[in-house]
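**Student:** I have a structure I would like to understand better, so I am pasting it below and will then ask my questions one at a time.
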């Protein structure tokens with residue numbers, strides 16, 4: 001393991017992830033927040049897996065929703081995918097995303113020691 005010589009802190013390789021919603025095979029955007037959140041988290045996990053990482057390697061996640069009333073449903077989906085991992089987290093309700101039919105977006109940063 002490589003360390004920072006000044007503080008003896010392990011160096012990490014950061015990975016920055018932004019997940020959008022379309023289903024990979026059809027590029028259709030489901031109108032339901034829960035379905036979009038499921039697909040967004042599947043996208044995040046697939047990107048992590050490609051880097052040899054998992055949810056325990058997430059260090060920060062920012063969640064963007066466009067409707068406050070979707071928070072309760074989103075939190076259920078998020079909890080299922082995060083399990084007992086506890087990265088720093090911020091959930092924001094924003095006036096809109098890149099397309100009006102997109103209801104959720106996830107931005108994440110993961111780091112693996114070594």
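**Student:** Restrict the check to the stretch 29-42 and report whether at least one residue is exposed (fewer than 13 other Cβ atoms within 10 Å of the Cβ) and over 23 Å from residue 14 (Cα atoms).
**Tutor:** Yes.
**Student:** To continue, here is another question. Determine which single condition residue 98 fails, assuming it passes every other condition in (1) in contact with a strand residue (DSSP E or B) (Cβ under 7 Å, 6 or more places away or on another chain); (2) loosely packed, with under 11 Cβ neighbours inside 10 Å; (3) within 14 Å of residue 18 (Cβ to Cβ).
**Tutor:** In the conditions (1) in contact with a strand residue (DSSP E or B) (Cβ under 7 Å, 6 or more places away or on another chain); (2) loosely packed, with under 11 Cβ neighbours inside 10 Å; (3) within 14 Å of residue 18 (Cβ to Cβ), residue 98 misses (1) alone.
**Student:** When the residues of the stretch 50-70 are narrowed to those that are in a helix (DSSP H, G or I) and surrounded by 14 or more Cβ atoms within 10 Å (Cβ to Cβ), which ends up modelled with the highest pLDDT?
**Tutor:** Within the stretch 50-70, the first condition is being in a helix (DSSP H, G or I), and the residues that meet it are 50, 55-57, 68-70.
Retained after the next criterion (residues that are surrounded by 14 or more Cβ atoms within 10 Å (Cβ to Cβ)): 55-57, 70.
Numbers: 55: 95, 56: 95, 57: 94, 70: 98.
Among them, the one singled out is 70.
**Student:** Next up: Is the stretch 85-105 home to any residue that is without any contact (Cβ under 8 Å) to a residue 60 or more places away in the chain, in contact with a helix residue (DSSP H, G or I) (Cβ under 6 Å, 6 or more places away or on another chain) and within 18 Å of residue 30 (Cβ to Cβ)?
**Tutor:** No, the stretch 85-105 has no match at all.
The values are calculated or read from the model by the stated rules, or taken from the named source; none is laboratory data. These figures come from a predicted structure and were not determined experimentally. Every residue, glycine as well, gets a Cβ built from its backbone with ideal geometry; the counts of neighbours run over all protein chains shown.
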